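Okay, structure first, notes after.
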Amino acid sequence: MRVLVQRVTSASVSVDGEVVGAIHPEGQGLLALVGVTHDDDVAKARKLAEKLWQLRILDGERSASDLSAPILVISQFTLYANTDKGRRPSWNAAAPGPVAEPLVAEFSQGLRDLGAVVQTGAFGANMQVELTNDGPVTVLLEL
């Protein structure tokens, strides 16, 4: 499982022109793009959720848990693109939807169980993401 995390001052995700998830924190929040591979499981999803919740990348070396910062979670199978050969990426390392969707949901629920305010995108949809990256700060988490 991979999570590309961006520190943001605002972020939203739309499907067919309608906003389906958005965060507008008083200060900072996190945008988490989540990719799932074939050997991921509930334990990894929960562990990565805890790692993100405790990650000290907000101002003053504080975490989302320290500031109750909101998190926008969006599924992103392209985090497992393989570009080793040719010009067309291979998506073979990305888990198929029936495997990935419940694990992205488990990741989001894990964050909620820790106390996070979580918004999400729409799994499998063509989404448009808008964000204001703060810093910019972008970190890749992987288990």
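Identify all residues within the stretch 96-142 that are of a type in the set (S, T, Y) and within 13 Å of the chain's Cα centre (by Cα); write none if there are none.
So in the stretch 96-142, the residues of a type in the set (S, T, Y) come out as 108, 120, 132, 138.
Within the stretch 96-142, S108, T120, T138 meet the criteria.
Identify all residues within the stretch 67-90 that are more than 30 Å from T9 (Cα to Cα) and either of a type in the set (D, E, K, R) or not in a strand (DSSP E or B) (or both); write none if there are none.
T83, D84, K85, G86, R87, R88, P89
Return yes or no: is L48 under 15 Å from Q128 (Cα atoms) and touching a strand residue (DSSP E or B) at 6+ places or on another chain (Cβ under 8 Å)?
Spelling it out, it is not the case that L48 is under 15 Å from Q128 (Cα atoms) and touching a strand residue (DSSP E or B) at 6+ places or on another chain (Cβ under 8 Å).
Testing Q119 on (1) among the polar types (S, T, N, Q); (2) out of contact with any Pro (no Cβ under 9 Å at 6 or more places or on another chain); (3) under 15 Å from A11 (Cβ atoms), one condition comes back false. Which one is that?
(2)
Of the conditions (1) loosely packed, with under 15 Cβ neighbours inside 10 Å; (2) in contact with a Leu (Cβ under 7 Å, 6 or more places away or on another chain), K85 satisfies every one except a single condition; which number is it?
(2)
Please go through the stretch 91-106 and give me each residue that is of a type in the set (G, A, S) and either modelled with pLDDT under 95 or in a helix (DSSP H, G or I) (or both), ordered by number.
G97, A100, A105
Of all residues in the stretch 15-38, which are in a strand (DSSP E or B), open to solvent by 10 Å² or more (accessible area, probe 1.4 Å) and in contact (Cβ under 8 Å) with a residue 24 or more places away in the chain? Give the steps one after another, and end with the answer.
Initially, the stretch 15-38 is screened for residues in a strand (DSSP E or B), giving 15, 18-23, 29-35, 37.
Narrowing the set further to residues that are open to solvent by 10 Å² or more (accessible area, probe 1.4 Å) leaves 15, 18-20, 22, 33, 37.
Hits for the stretch 15-38 are V15, V20, A22, L33, T37.
Determine which member of the set G135, G124 is in a loop (DSSP other than H, G, I, E, B), touching a residue at least 24 places away in the same chain (Cβ under 8 Å), surrounded by fewer than 17 Cβ atoms within 10 Å (Cβ to Cβ) and at positive phi.
On the way: G135 fails: in a loop (DSSP other than H, G, I, E, B).
Of the residues listed, the single one that is in a loop (DSSP other than H, G, I, E, B), touching a residue at least 24 places away in the same chain (Cβ under 8 Å), surrounded by fewer than 17 Cβ atoms within 10 Å (Cβ to Cβ) and at positive phi is G124.
Among the residues of the stretch 59-66, is any outside any helix (DSSP H, G or I) and more than 18 Å from G121 (Cα to Cα)?
yes
The values are calculated or read from the model by the stated rules, or taken from the named source; none is laboratory data. Here the structure is a predicted model, which means the values were calculated and not measured. In this analysis, Cβ positions are derived from the backbone assuming ideal geometry, glycine residues included, and neighbour counts consider all displayed protein chains. Note: accessible area is taken over every heavy atom of the protein model, side chains too, but ligands, DNA and RNA are not part of it. Shrake-Rupley method; radii C 1.70, N 1.55, O 1.52, S 1.80 Å.
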